[in-house]
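For reference, the structure is listed below as structure tokens.
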Amino acid sequence: GPLIRPTGRVLTLLVSDIVESTVAAARLGDVRWVGVLQAHNALIREQVRRHGGIEIKTSGDGFLVSFTSARQAVLTGLAVQRAMAAHRLAFPDNDLHVRIGVHTGEVLEEDGEPLPLDLTEVPLEPAA
């Protein structure tokens, strides 16, 4: 059979989503929710850019981002949480929280070729 082995290269994935986004969307209404979602997405993307991440995909209010540095992924998560805390202070009626998960692992190869990451099946909701 094929020889699958680690390459020695490491990749870190950051996954995020808004806690109870369906409830928040219903409470705020469509127009306000779209504005909140746009602000959230801009905030996430700014921190990903600042920390050298690559946005792989989004789904609704969820993000999947890759980093070559686990440290930068964690710093991105911390920066997002700080920005969300500041947002909650500025807009107390908009009590949104973001859940963030980080996973680091070695890239595998099969017969000398890197295995493609099938990220279509990665859930965009971190485990609670």
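The values are calculated or read from the model by the stated rules, or taken from the named source; none is laboratory data. Just so it is clear, the model here is predicted, and its values are computed rather than measured. Positions of Cβ are generated from backbone atoms using ideal geometry, with glycine treated the same way; all protein chains shown enter the neighbour counts. With ligands, DNA and RNA removed, areas are computed over all heavy atoms of the protein, side chains included. Shrake-Rupley method; radii C 1.70, N 1.55, O 1.52, S 1.80 Å.
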Degrees, to the nearest 10: 30-50 long Cα axis against longest axis of the chain: 40
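How do V80, V34 rank by accessible surface area computed with a 1.4 Å probe, from largest to smallest? Can you show the working numbers first?
Numbers: V80 5, V34 75 Å².
Ranking V80, V34 by accessible area, largest first, yields V34, V80.
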So how tilted is helix 70-90 from the main axis of the chain? Cα-based, degrees 0 to 90, rounded to 10. 10
For a Förster distance of 30 Å, can you work out the FRET efficiency between the beta-carbons of E110 and L78, rounded to the nearest 0.05? 0.25
Normalised contact order of the chain, rounded percent, pairs of Cα under 8 Å and 6 or more residues apart: 44
So I have (i) -0.37; (ii) -0.62; (iii) -0.43, and one of them is log10 I(q)/I(0) by the Debye sum over Cα atoms at q = 0.11 Å⁻¹ calculated from this model. Which one is it? (iii)
Per residue, how much accessible surface does the chain expose to a 1.4 Å probe? Answer in Å², no decimals. 60
Rounded to the nearest 500 deg cm²/dmol, what is the calculated helix-only ellipticity per residue at 222 nm for the chain, with -39500 (n - 2.57) per DSSP H run of length n ≥ 4? -13000 deg cm²/dmol
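For the chain, what % of the accessible area comes from carbon and sulfur atoms, probe 1.4 Å? Walk me through the numbers before you get to the answer.
Numbers: 4400 of 7710 Å².
Taking all protein chains in place, the chain shows 57 percent carbon and sulfur surface.
I need the calculated FRET efficiency for the pair D95 and T7, taking r as the beta carbon distance and R₀ as 25 Å, to the nearest 0.05. Working shown, then result.
Details: r = 43 Å, r/R0 = 1.73.
E between D95 and T7, to the nearest 0.05, is 0.05.
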For the chain, with only Lys/Arg (+1) and Asp/Glu (-1) charged at the beta-carbon, what is the dipole magnitude about the Cα centre, in debye rounded to 20? 640
